[in-house]
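Below: one structure, written as C-alpha coordinates.
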Amino acid sequence: MLTQISVAIIAVAFAVLVFFLIKTLKAATQSLERVTQTLQEVQKTVDELSYEVKQTIRNTNDITVDVQHKMKQIDPVMDTVKNLGEALSEVTYAVKQVSSGMVSRFKQSRVEQKEEPRIRQEVPVTAQDRTFQSYDAVYQNTEAQEKSRSRNWLAYVDTAVSLWHSFRRQKAR
(Lines give C-alpha, C1' and ligand atoms only; values in the text may rest on other atoms or scores of the structure.)
Protein backbone atom coordinates (compact mmCIF):
# COMPACT_ATOMS: atom_id res chain seq x y z
CA MET A 1 0.00 0.00 0.00
CA LEU A 2 2.80 2.34 0.72
CA THR A 3 4.12 1.85 -2.76
CA GLN A 4 0.72 2.53 -4.18
CA ILE A 5 0.42 5.77 -2.23
CA SER A 6 3.96 6.72 -3.22
CA VAL A 7 3.22 5.98 -6.86
CA ALA A 8 -0.03 7.98 -6.59
CA ILE A 9 1.82 10.95 -5.04
CA ILE A 10 4.50 10.72 -7.71
CA ALA A 11 1.78 10.59 -10.39
CA VAL A 12 -0.02 13.62 -8.92
CA ALA A 13 3.29 15.49 -8.60
CA PHE A 14 4.16 14.58 -12.16
CA ALA A 15 0.74 15.77 -13.35
CA VAL A 16 1.13 19.08 -11.47
CA LEU A 17 4.64 19.46 -12.91
CA VAL A 18 3.36 18.77 -16.44
CA PHE A 19 0.45 21.22 -15.91
CA PHE A 20 2.80 24.09 -14.85
CA LEU A 21 5.29 23.16 -17.55
CA ILE A 22 2.55 23.37 -20.20
CA LYS A 23 1.42 26.72 -18.80
CA THR A 24 5.01 28.04 -18.92
CA LEU A 25 5.52 26.76 -22.46
CA LYS A 26 2.28 28.44 -23.60
CA ALA A 27 3.45 31.76 -22.09
CA ALA A 28 6.85 31.34 -23.78
CA THR A 29 5.11 30.58 -27.07
CA GLN A 30 3.00 33.74 -26.79
CA SER A 31 6.10 35.81 -26.00
CA LEU A 32 7.94 34.36 -28.98
CA GLU A 33 4.97 35.16 -31.23
CA ARG A 34 4.98 38.76 -29.98
CA VAL A 35 8.74 39.00 -30.55
CA THR A 36 8.28 37.59 -34.06
CA GLN A 37 5.54 40.13 -34.78
CA THR A 38 7.68 42.99 -33.42
CA LEU A 39 10.65 41.87 -35.50
CA GLN A 40 8.46 41.83 -38.62
CA GLU A 41 7.31 45.38 -37.89
CA VAL A 42 10.90 46.48 -37.30
CA GLN A 43 11.95 44.83 -40.55
CA LYS A 44 9.22 46.77 -42.43
CA THR A 45 10.31 50.02 -40.80
CA VAL A 46 13.96 49.34 -41.61
CA ASP A 47 13.07 48.58 -45.23
CA GLU A 48 11.10 51.84 -45.52
CA LEU A 49 13.88 53.82 -43.86
CA SER A 50 16.57 52.23 -46.01
CA TYR A 51 14.66 53.31 -49.12
CA GLU A 52 14.38 56.86 -47.77
CA VAL A 53 18.05 56.89 -46.75
CA LYS A 54 19.05 55.74 -50.24
CA GLN A 55 16.94 58.54 -51.77
CA THR A 56 18.53 61.06 -49.40
CA ILE A 57 22.03 59.87 -50.30
CA ARG A 58 21.21 60.12 -54.02
CA ASN A 59 19.91 63.67 -53.53
CA THR A 60 22.99 64.56 -51.49
CA ASN A 61 25.25 63.23 -54.24
CA ASP A 62 23.35 65.24 -56.85
CA ILE A 63 23.63 68.39 -54.73
CA THR A 64 27.35 67.78 -54.20
CA VAL A 65 27.94 67.42 -57.93
CA ASP A 66 25.94 70.60 -58.57
CA VAL A 67 27.85 72.54 -55.91
CA GLN A 68 31.19 71.35 -57.31
CA HIS A 69 30.13 72.45 -60.80
CA LYS A 70 29.09 75.87 -59.51
CA MET A 71 32.31 76.24 -57.52
CA LYS A 72 34.30 75.58 -60.68
CA GLN A 73 32.31 78.33 -62.39
CA ILE A 74 33.01 80.74 -59.51
CA ASP A 75 36.78 80.05 -59.46
CA PRO A 76 37.58 82.65 -62.18
CA VAL A 77 35.57 85.25 -60.28
CA MET A 78 37.49 84.46 -57.10
CA ASP A 79 40.78 84.74 -59.00
CA THR A 80 39.67 88.10 -60.34
CA VAL A 81 38.72 89.28 -56.85
CA LYS A 82 42.11 88.11 -55.56
CA ASN A 83 43.93 89.96 -58.33
CA LEU A 84 41.80 93.05 -57.71
CA GLY A 85 42.64 92.90 -54.02
CA GLU A 86 46.35 92.68 -54.81
CA ALA A 87 46.08 95.59 -57.26
CA LEU A 88 44.21 97.69 -54.72
CA SER A 89 46.81 96.87 -52.12
CA GLU A 90 49.54 97.98 -54.49
CA VAL A 91 47.67 101.16 -55.36
CA THR A 92 47.11 101.88 -51.68
CA TYR A 93 50.79 101.37 -51.00
CA ALA A 94 51.74 103.69 -53.88
CA VAL A 95 49.26 106.34 -52.75
CA LYS A 96 50.56 106.04 -49.21
CA GLN A 97 54.11 106.61 -50.40
CA VAL A 98 53.08 109.55 -52.57
CA SER A 99 50.98 111.11 -49.82
CA SER A 100 53.76 110.72 -47.24
CA GLY A 101 56.14 112.40 -49.70
CA MET A 102 53.64 115.17 -50.32
CA VAL A 103 53.08 115.71 -46.60
CA SER A 104 56.81 115.87 -45.90
CA ARG A 105 57.30 118.34 -48.79
CA PHE A 106 54.34 120.40 -47.60
CA LYS A 107 55.71 120.50 -44.06
CA GLN A 108 59.14 121.43 -45.39
CA SER A 109 57.69 124.25 -47.53
CA ARG A 110 55.73 125.51 -44.49
CA VAL A 111 58.89 125.57 -42.42
CA GLU A 112 60.70 127.43 -45.19
CA GLN A 113 57.81 129.92 -45.50
CA LYS A 114 57.84 130.55 -41.76
CA GLU A 115 61.59 131.11 -41.80
CA GLU A 116 61.43 133.74 -44.61
CA PRO A 117 59.29 136.29 -42.66
CA ARG A 118 61.68 136.09 -39.71
CA ILE A 119 64.57 137.05 -41.94
CA ARG A 120 62.61 139.99 -43.36
CA GLN A 121 61.68 141.22 -39.89
CA GLU A 122 65.29 141.25 -38.79
CA VAL A 123 66.29 143.61 -41.61
CA PRO A 124 65.99 147.24 -40.41
CA VAL A 125 63.94 149.45 -42.76
CA THR A 126 62.35 152.87 -42.68
CA ALA A 127 58.68 153.43 -41.87
CA GLN A 128 57.83 154.02 -45.51
CA ASP A 129 59.66 150.84 -46.57
CA ARG A 130 57.85 148.88 -43.88
CA THR A 131 54.49 150.13 -45.20
CA PHE A 132 55.35 149.09 -48.75
CA GLN A 133 56.74 145.80 -47.52
CA SER A 134 53.57 144.98 -45.56
CA TYR A 135 51.41 145.93 -48.56
CA ASP A 136 53.47 143.62 -50.78
CA ALA A 137 53.37 140.88 -48.21
CA VAL A 138 49.59 141.01 -47.96
CA TYR A 139 48.62 141.33 -51.60
CA GLN A 140 51.46 140.06 -53.73
CA ASN A 141 52.64 137.18 -51.55
CA THR A 142 49.07 135.86 -51.26
CA GLU A 143 48.87 135.60 -55.04
CA ALA A 144 52.35 134.12 -55.23
CA GLN A 145 51.52 131.61 -52.52
CA GLU A 146 48.35 130.55 -54.33
CA LYS A 147 50.27 130.12 -57.58
CA SER A 148 53.03 128.14 -55.86
CA ARG A 149 50.45 125.94 -54.11
CA SER A 150 48.69 125.16 -57.38
CA ARG A 151 52.07 124.48 -58.99
CA ASN A 152 53.03 122.24 -56.05
CA TRP A 153 49.76 120.35 -56.36
CA LEU A 154 50.32 119.75 -60.07
CA ALA A 155 53.85 118.63 -59.34
CA TYR A 156 52.55 116.16 -56.77
CA VAL A 157 50.00 114.79 -59.23
CA ASP A 158 52.72 114.42 -61.88
CA THR A 159 54.92 112.61 -59.37
CA ALA A 160 52.08 110.27 -58.41
CA VAL A 161 51.27 109.47 -62.05
CA SER A 162 54.90 108.80 -62.91
CA LEU A 163 55.25 106.53 -59.87
CA TRP A 164 52.10 104.68 -60.89
CA HIS A 165 53.35 104.19 -64.47
CA SER A 166 56.73 102.95 -63.31
CA PHE A 167 55.04 100.64 -60.84
CA ARG A 168 52.77 99.20 -63.56
CA ARG A 169 55.74 98.71 -65.90
CA GLN A 170 57.61 96.94 -63.12
CA LYS A 171 54.57 94.76 -62.37
CA ALA A 172 54.21 93.82 -66.07
CA ARG A 173 57.72 92.38 -66.09
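Can Asn61 be described as surrounded by 10 or more Cβ atoms within 10 Å (Cβ to Cβ) and modelled with pLDDT of 90 or more? Spelling it out, Asn61 is indeed surrounded by 10 or more Cβ atoms within 10 Å (Cβ to Cβ) and modelled with pLDDT of 90 or more.
Within segment 1-33, the set of residues being surrounded by fewer than 10 Cβ atoms within 10 Å (Cβ to Cβ) and within 60 Å of the chain's Cα centre (by Cα) is empty. Beta carbons closer than 7 Å, at least 6 apart along the sequence or on distinct chains, never pair a first residue in segment 96-118 that is over 21 Å from Leu163 (Cα atoms) and among the β-branched types (Val, Ile, Thr) with a second that is open to solvent by 100 Å² or more (accessible area, probe 1.4 Å) and at pLDDT 80 or above. Against the definition (within 30 Å of Arg168 (Cβ to Cβ) and surrounded by 10 or more Cβ atoms within 10 Å (Cβ to Cβ)), how does Glu90 come out, yes or no? It is true that Glu90 is within 30 Å of Arg168 (Cβ to Cβ) and surrounded by 10 or more Cβ atoms within 10 Å (Cβ to Cβ).
The values are calculated or read from the model by the stated rules, or taken from the named source; none is laboratory data. Owing to the predicted nature of the structure, the values given are computational and were not obtained by experimental measurement. All Cβ positions, glycine included, derive from the backbone under ideal geometry; neighbour counts span all protein chains shown. Accessible surface areas use protein heavy atoms only, side chains included; no ligands, DNA or RNA. Shrake-Rupley method; radii C 1.70, N 1.55, O 1.52, S 1.80 Å.
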